[in-house]
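Note sheet for the following structure.
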Amino acid sequence: MLALYHNDMSLCAQKVRVCLAEKGLPWEDRHLVLRDGVHQQDWYKKLNRRAVVPTLIDGDKVIPESNVILEYLEDAYPEPRLSPKDSFGRAQMRLWTKQLDEDIHDASAAIISFGIAFRHQYLERGELGRAMLDQIPNLFKRERRRDVIEKGPDSIHFVIAVQRMVQLLDEMEEALAGHPWLVGNEYTLADVAFTPYLLRLEHLDLLGMIAERPRVADWYARCQARASFAEALRKWENEKYLTLMKQRGEAHWPQVRAIMAAA
């Protein structure tokens, strides 16, 4: 059986759970509480050198990195199919998921989440919070996050993160003008991968970002209607984090809206 090291509210873990649900694959739950720093312990870093979730175990195979896991699952368990039949369609799908690895995840969605809500957890922990931050292996990610934790929405990285999210939402709105799903007429790994990022905007009370993007709003509604949304996302929602994100997001929405207006 497959096993997944994951976290309930991790964006990257969420997309893998959606894929597993879409394919109807059973898996062993190996949930990690990230605020306890379990993912930074040596035993886990032997599985995932970047000390992040998720990590998929398939027999004796260890597969890290969420977008790599999605493609692995599609190759290893091809039915039901979640990629276009033609090579050009598959290339288009990868262009979408490539954005996540380039900047949408670490430099945009994660920064927005930290700048609004999760920074407070690090600040409240004092020295322990600083120690956890110092253990992030990726230097760029570590220092960008440090600045956002210290300055919140006043960090230049936060401003850039909101601007990049706006650019993404505009690209999605444009793409969805021609077909119902991001790549074409069929639901693919591109839709799987981006669903959690719209859910994060919902959790942060920032869905106002799609108010003038009706096609994105319709796409998200259709993603929510799929059985995988309840199984992989709603089922795992952590009430403590939902409360934190909603309260902080509501308070910071005027700042986010101002950044959007100036973009």
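The values are calculated or read from the model by the stated rules, or taken from the named source; none is laboratory data. This one's a predicted model, so the numbers in the text were calculated from it and none came from an experiment. Neighbour counts are summed over all protein chains in view; Cβ atoms, including those assigned to glycine, are modelled from backbone coordinates with ideal geometry. Heads up: the accessible areas ignore ligands, DNA and RNA and are worked out on the full protein's heavy atoms, side chains in. Shrake-Rupley method; radii C 1.70, N 1.55, O 1.52, S 1.80 Å.
The table below gives the values:
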item	result
Count of the range 111-125 residues which are polar (S, T, N, Q) and either over 12 Å from residue 252 (Cβ atoms) or surrounded by fewer than 16 Cβ atoms within 10 Å (Cβ to Cβ) (or both)	1
Output for the range 207-260, where each listed residue is outside any helix (DSSP H, G or I) and either closer than 19 Å to residue 171 by Cα or of a type in the set (A, V, I, L, M) (or both)	211, 212, 213, 233
Subset of the range 159-179 [of a type in the set (Gly, Ala, Ser) and either open to solvent by 20 Å² or more (accessible area, probe 1.4 Å) or more than 22 Å from residue 9 (Cα to Cα) (or both)]	175, 177, 178
Single residue of the range 79-95 satisfying the filter (open to solvent by 30 Å² or more (accessible area, probe 1.4 Å) and assigned to a helix (DSSP H, G or I)) that is nearest to residue 168 (Cα to Cα)	95
Hits in the range 72-119 - residues which are acidic (Asp, Glu) and in contact (Cβ under 8 Å) with a residue 40 or more places away in the chain	74, 79, 103
Residue list for the range 133-158, restricted to those being open to solvent by 40 Å² or more (accessible area, probe 1.4 Å) and either assigned to a helix (DSSP H, G or I) or in contact with a His (Cβ under 6 Å, 6 or more places away or on another chain) (or both)	134, 139, 140, 142, 143, 144, 146, 150, 151, 154, 156, 157
Residue that is nearest to the chain's Cα centre (by Cα), among those in the range 1-53 that are without any contact (Cβ under 8 Å) to a residue 40 or more places away in the chain and closer than 18 Å to residue 106 by Cα	34
Subset tally (residues that are over 18 Å from the mean Cα position of the chain (by Cα) and free of Cβ contacts under 8 Å to residues at least 40 places away in the same chain) for the range 179-213	5
The range 220-240, subset more than 17 Å from residue 22 (Cα to Cα) and not polar (S, T, N, Q), residue surrounded by the fewest Cβ atoms within 10 Å (Cβ to Cβ)	239
Exclusive hit being at pLDDT 95 or above, in a helix (DSSP H, G or I), of a type in the set (A, V, I, L, M) and open to solvent by less than 20 Å² (accessible area, probe 1.4 Å), set 199, 182	199
Meets criteria (part of a helix (DSSP H, G or I), among the acidic types (Asp, Glu) and open to solvent by less than 50 Å² (accessible area, probe 1.4 Å)) for residue 106	yes
Hits in the range 60-78 - residues which are in a helix (DSSP H, G or I), hydrophobic (A, V, I, L, M, F, W, C) and open to solvent by 10 Å² or more (accessible area, probe 1.4 Å)	68, 76
